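The values are calculated or read from the model by the stated rules, or taken from the named source; none is laboratory data. Keep in mind the model is a prediction, meaning the values are calculated, not measured. Please note: Cβ atoms are built from the backbone with ideal geometry, for glycine as well, and neighbour counts cover all protein chains shown. Just so you know, the surface numbers come from the protein's heavy atoms only, side chains and all, with ligands and any DNA or RNA stripped out. Shrake-Rupley method; radii C 1.70, N 1.55, O 1.52, S 1.80 Å.
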Amino acid sequence: MSETSFNQVMELSRQPKGWCVSAILHTERGFQDHKKTSAKFKEVEQAIEDQLLPLSDKDTVKQYLARFEALTSELDFAQSKDGFGVYMDETSGVVVHFSFAVESKVIVDKSFEIRDVLFGLSRPTPYYVLVLGKEDARLYDGLGDKITQVSDRMDLSPEERIYDDPNGSWTYSKSRTETNTYHTFLDQIDDLLGLYLSRKKQPFLLVGPEADINYFSNHTKHEDLLAGKLSGSFDHVSAEKVYAEIETLVDELSHRKVAEAIEQLENAGGQSTRAQGIQAVWPLACEGRVGTLIIERNYRQSGYSSEEDMTLFLEETESATVFHKDAIDDLAEKVLHLHGKVLFADEGSMDAFGHVAALLRY
């Protein structure tokens, strides 16, 4: 999942030229059957052609199909994980990869189908991953499904450890006066971690041999930011493989972020701190007052607004003639454009708030 490519779709959606084509294809993780994939591409191309032909001339349709073929010709399915989306207008296009479940669909309309893109933008949560190894410790800085090892490697090495347990745990030399050498090493790593957390306070995940992560989690000065643990051997493991192991923990971070926002909604005191229901939230989003918008993921609502756009009506009126096919997506775009946050909650979890609500800046 690339936040950059998601943002490119959002930019494309603001001033599209001609018809907007949103082609989203679900894929299975792991090995791809190229014959089946090729057949799916043909189905998508046919759907694009079928929907565009009544709306455009044949030459324009051919241009769209050629652009689709060019954009998908070098797709890396290893990046896709759960699917990809192709978003095109008359002059340009963007491909995005999804690391969460999506439904295959092709939609040609005056605007893009961006719900999956919005959901992708809502998911990334910044975090650290502290990897405890046999020879050293490594710290990664993470955002969503991308983790990068910090440049100044945590290369303190424990002294005089010996490996004499067939189950893979480390013990310490009894001949040394100081028998807790490795525990001292872990304490030093905890102090180093504190330096990073002081610069950028964010949760951290802890992975490594079970005995080591148990000691570290029981003695760390930063227990309040420890968000998850995973035992295993991570020596000489690439960043990609580290992420593959911790993906479930990262997903839990995203769910926790949403749960905390809903709890804030429940505890918010009055109209100055929260709003609920799309018609109440809409004008506040236009004014830039929405700090965090929380939406049920599959909730959709059409509506109408006036040219001034400050009030949303669920039915057309004399003054409200601008139609919003999906006012929820349009609302989310407003909030993002004014530097707010958008979160998606599980279906049914926002019933008490009219399926959409906002935490206000003021």
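Just a few scattered comments:
- A 1.4 Å probe, protein heavy atoms only, puts the accessible area of Y362 near 140 Å².
- Working from label points 7 Å from Cα in the Cα-to-Cβ sense, the E245 to T184 distance is 2.7 nm.
- Correct choice for Rg/Rh (Cα atoms, Kirkwood Rh) that was computed from the model, options [x] 0.98; [y] 1.06; [z] 1.40: [y]
- Residue-span extension gain [E90 to T273] - 0.36 nm each, minus C-alpha spacing: 61.6 nm
- When DSSP beta bridges are restricted to pairs lying wholly in the chain, around 75% turn out antiparallel.
- When each of the peptides 211-220, 280-289 is scored by the mean number of other C-beta atoms lying within 10 Å of its residues, the order from highest to lowest reads 280-289, 211-220.
- Violating pairs (Cα-Cα greater than 30 angstrom) within the set K42/K334; K146/K334; K42/K81: K42/K334
- With Cα atoms as the point set, the radius of gyration and Dmax of segment 231-362 evaluate to 18.2, 68 Å.
- Here is how the number arises for the chain: DSSP H runs of 4 or more residues each give -39500 (n - 2.57), the sum is divided by the residue count, and the result at 222 nm is -12000 deg cm²/dmol.
- Cross-link reach list, lysines versus K221, counting only Cα pairs under 25 Å and skipping chain neighbours closer than eight places: K134, K200, K201, K229, K257
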